[in-house]
Amino acid sequence: MTLNQLAVFIEVVEFKSFSKAAEELYITQPGVSHSISNLESELGIKLIFRGKDGIYPTETGIKVLKYARTVTTSIEQIRQEVAASLGLKTGKLKIGSFGSVSTNFLPGIMYLFKLRYPKIDLKVFEGTEGEIRDWILSRTIDIGFITFPCNSLETIPVISDDMMVVLPKAHDLAAQKSIGIEELAKYPMLVTWNSSCQILVEEVFKSSTGKTPQWKYKVSNIGTLLAMIKEGLGIAVIPKLALSRDIPNIKILPLKPVFKRRIGLASIIPFTDIAPVTSAFVELTQKWIKDNLDL
């Protein structure tokens with residue numbers, strides 16, 4: 001159970017809506033759904049139900065809500081005192097983020113930041129990694145999440161996750177414990193078009209086999225990619241953070257040898273010279289990931 005999950009739960013109940021809670025917290029609706037699902041799974045009981053005109057807490061949810069509000073209020077009071085002593089009272093910070101970051105850990109980072117700096121206005125711009133780079137270069141945003149390599153910007157690493165082989169459960173390779181690049185090279189593959197995944201997979205194929213993958217289909221988003229894999233239209237290499245824990249009729253296996261995607265924060269300004277608010281966001285990002293993720 002995390003503070004982020006409790007905060008999301010409170011907003012969902014107060015707004016009676018996943019989408020409105022997402023807007024209030026500056027996160028995506030899938031991020032809200034993910035937080036509520038994880039909280040209910042950990043507690044082993046349903047906390048909300050859908051009524052005719054919105055979402056309501058169950059009897060147990062009402063009891064949990066009371067304690068959740070007590071916890072978050074107390075934490076916020078502590079953070080406000082710390083924020084005042086640090087001098088970060090007001091300001092704005094514009095952040096760029098892409099899909100798997102927005103779903104998996106940006107909500108928690110933002111919640112921690114808002115507790116510590118409640119009067120600083122956070123704005124999130126979601127897009128492709130190419131768009132995030134352009135937004136940084138044009139100073140549309142102050143800082144953004146990117147994948148390495150990124151030679152055109154100042155960067156600092158924050159996390160890495162394994163690249164996984166995703167294939168239909170009926171596939172010839174599904175019974176294996178891990179899959180080598182040489183084996184993958186024998187099969188047609190799917191990819192999200194013009195993405196960091198495509199670039200990373202092409203790099204590892206080239207270094208291992210001297211060849212590029214047999215791209216059968218290039219699609220625009222991960223949801224389409226997974227649907228096509230379920231139907232047996234091909235296999236793909238996808239970052240672990242972009243995958244949910246259980247996808248029906250799909251097998252997820254590690255690559256052999258292990259191949260990682262590295263995610264970092266990027267800025268047009270050297271990190272030694274960034275504004276105090278941006279520096280605080282970097283610090284809290286590193287802290288939240290260290291405390292909450294085990295990748």
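Of all residues in the range 18-39, those satisfying the criterion of being more than 20 Å from residue 123 (Cα to Cα) and either β-branched (Val, Ile, Thr) or surrounded by fewer than 18 Cβ atoms within 10 Å (Cβ to Cβ) (or both) are 33, 36, 37, 38.
Inspect all residues belonging to the range 248-261 and state whether any of them is in contact with a helix residue (DSSP H, G or I) (Cβ under 9 Å, 6 or more places away or on another chain), outside any strand (DSSP E or B), of a type in the set (Phe, Trp, Tyr) and modelled with pLDDT under 90. Yes - at least one qualifying residue is present in the range 248-261.
Scanning the range 157-182 for residues that are closer than 24 Å to residue 262 by Cα and more than 21 Å from the chain's Cα centre (by Cα) yields 167, 177, 178, 179, 180, 181, 182.
Of all the criteria given as (1) modelled with pLDDT under 90; (2) in contact with a strand residue (DSSP E or B) (Cβ under 9 Å, 6 or more places away or on another chain); (3) farther than 14 Å from residue 98 by Cβ; (4) part of a loop (DSSP other than H, G, I, E, B), the one not satisfied by residue 186 is (2).
Filter the range 4-61 for residues that are on the phi > 0 side of the Ramachandran plot and assigned to a loop (DSSP other than H, G, I, E, B); which is nearest to the chain's Cα centre (by Cα)?
Of everything passing the filter in the range 4-61, 26 is nearest to the chain's Cα centre (by Cα).
Of all residues in the range 189-213, those satisfying the criterion of being more than 25 Å from residue 99 (Cβ to Cβ) and in a loop (DSSP other than H, G, I, E, B) are 210, 211. Among the residues of the range 65-109, those identified as out of contact with any strand residue (DSSP E or B) (no Cβ under 8 Å at 6 or more places or on another chain) and either of a type in the set (Val, Ile, Thr) or at pLDDT 90 or above (or both) are 70, 71, 72, 73, 75, 78, 82, 103, 107, 108, 109.
Taking the listed residues 265, 293, 253, the one that is aliphatic (A, V, I, L, M), under 29 Å from residue 226 (Cα atoms) and surrounded by fewer than 15 Cβ atoms within 10 Å (Cβ to Cβ) is 293, with no other qualifying. Tallying residues that are surrounded by 15 or more Cβ atoms within 10 Å (Cβ to Cβ), over 20 Å from residue 140 (Cβ atoms) and under 19 Å from the mean Cα position of the chain (by Cα) within the range 268-290 yields 4.
Yes/no per residue for (1) charged (D, E, K, R); (2) surrounded by fewer than 18 Cβ atoms within 10 Å (Cβ to Cβ); (3) touching a helix residue (DSSP H, G or I) at 6+ places or on another chain (Cβ under 7 Å):
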residue: 113; (1), (2), (3): no, no, yes
residue: 131; (1), (2), (3): yes, yes, no
residue: 134; (1), (2), (3): yes, yes, no
residue: 138; (1), (2), (3): no, yes, no
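The values are calculated or read from the model by the stated rules, or taken from the named source; none is laboratory data. Just so we're clear, the structure is a prediction, and the values are computed from it rather than from any experiment. Every residue, glycine as well, gets a Cβ built from its backbone with ideal geometry; the counts of neighbours run over all protein chains shown.
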